[in-house]
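The values are calculated or read from the model by the stated rules, or taken from the named source; none is laboratory data. What you are looking at is a predicted structure, and each value in this text was computed from that prediction instead of being measured. Please note: Cβ atoms are built from the backbone with ideal geometry, for glycine as well, and neighbour counts cover all protein chains shown. Ligands, DNA and RNA are stripped out before the accessible areas are found, and what is left, the full protein with its side chains, is counted by its heavy atoms. Shrake-Rupley method; radii C 1.70, N 1.55, O 1.52, S 1.80 Å.
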Amino acid sequence: MRISILAPLRFIWRKKRLIALTLTGLATLGVLSVGGLRLYSAVRAQPQIYTLDTVPERPVAIIFGASVLPSGRLSAMLADRVRMGVELYHAGKVRALLLTGDNSQETYNEPEAMRRYALELGVPDSAIVLDYAGFRTYDSCYRARDIFQVEQAILVTQAYHLDRALLTCNGLGVESIGVAADAMRPTGYAQRSLVTGQIRELAATVASVVDLLIHRQPTFLGEPLPIFAQSQVENVS
């Protein structure tokens, strides 16, 4: 009688243990896969990352949006991105700045805030192009290619984000190299912002790879608005 009672209990315990081991294995595999993608993205990007002094000339710098404060002032990270783009322009490395960010709400406009700061730093309005539908890195790169007809670009963002931006833009056919914006201000950000950004990149890298594999379209497209005539771009390259 005792054996007949314990046998089902052992079976249930073994089944639960098998399920627990399976779930643990799947979770471990998932973590390793995500970490592997981040490592691949970082290693792959290294030869494509330059400094302000060493970066080759390209027609356009793509400046990715980030938080704008309620006062309209740019967050420290976004200010650095725009400032680096301006430095590239003044150094003759690019001839136009494509400022791409979120304007999904009437009261929130990253590209316009970026434009005002670039104007303050001496970039003429004629050299500034705004993309109001750059809601994600993938959207910004896709729209740079299809709407603004960008074939070659310098990407400007923080180092922790730059490798994914390069992976995405190059994966979409925009021949891209990059400059890390935080080279000018390595300790000027809140530690929490840096940690949050780096953690977010884990999932964001996976999402970007999936988007590239399935050829996902961005949230908004539209008619082409080329930044330059094709002949001008060819003269630069």
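Things worth noting here:
- L9, sole failed condition from (1) farther than 18 Å from S176 by Cα; (2) at pLDDT 70 or above; (3) of a type in the set (A, V, I, L, M): (2)
- Residues satisfying the stated conditions in the stretch 195-210, i.e. at pLDDT 85 or above, surrounded by fewer than 13 Cβ atoms within 10 Å (Cβ to Cβ) and among the polar types (S, T, N, Q): none
- The set of residues from the stretch 82-133 being in contact with a Phe, Trp or Tyr (Cβ under 7 Å, 6 or more places away or on another chain), in contact (Cβ under 8 Å) with a residue 40 or more places away in the chain and over 18 Å from P56 (Cβ atoms) comprises T100, P111, V129, A133.
- Sole exception among (1) at pLDDT 90 or above; (2) outside any loop (DSSP other than H, G, I, E, B); (3) open to solvent by 10 Å² or more (accessible area, probe 1.4 Å) for I227, by number: (2)
- Picking from residues in the stretch 211-222 that are touching a residue at least 40 places away in the same chain (Cβ under 8 Å) and part of a loop (DSSP other than H, G, I, E, B), the one that is surrounded by the fewest Cβ atoms within 10 Å (Cβ to Cβ) is G222.
- Within the stretch 136-161, tally of residues that are at pLDDT below 95 and hydrophobic (A, V, I, L, M, F, W, C): 1
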